[in-house]
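Step one of this worksheet: look at the structure below.
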């Protein structure tokens, strides 16, 4: 740690990744216009740092004071979209499986019915007798 550091401006660089949570207490801290992602550490989630994280599309915060996407709202929206997309998929799969099962049962019933019908119909049989010949 650098205990006497109070101003840190790292804006408009090519930094990427998460913001480290182990930073000294700064009076001015600017990480705007980078490629940062993840959650803003809780020690920076107040109005004193409301312009410190601008233009970092991947960042989120737990409070609206930083004018960033809310982390909890983002995860809830993703969870809801996954849940809602699961339902139509499940319905389609169930319908397809039901149609296949119904088709299989129908096929088996028709085949069994034809087999029974052929078993009792003697008119289509032809009897040919043979005699043994001795030469």
Study note, to complete from the structure: Contour minus Cα-Cα span, residue 112 to residue 12, at 0.36 nm per residue, comes to 28.3 nm
Revision key, fill the gap. To the nearest 0.05, the calculated FRET efficiency linking residue 57 and residue 93 through their beta-carbon distance, R0 being 30 Å, is 0.25
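Since every read-out is calculated from the coordinates, none of them should be taken as a lab result. Every value quoted in this text rests on a predicted model; they were computed, and no experiment measured them. Glycine also receives a Cβ, built like all others from the backbone with ideal geometry; neighbour counts cover every protein chain displayed.
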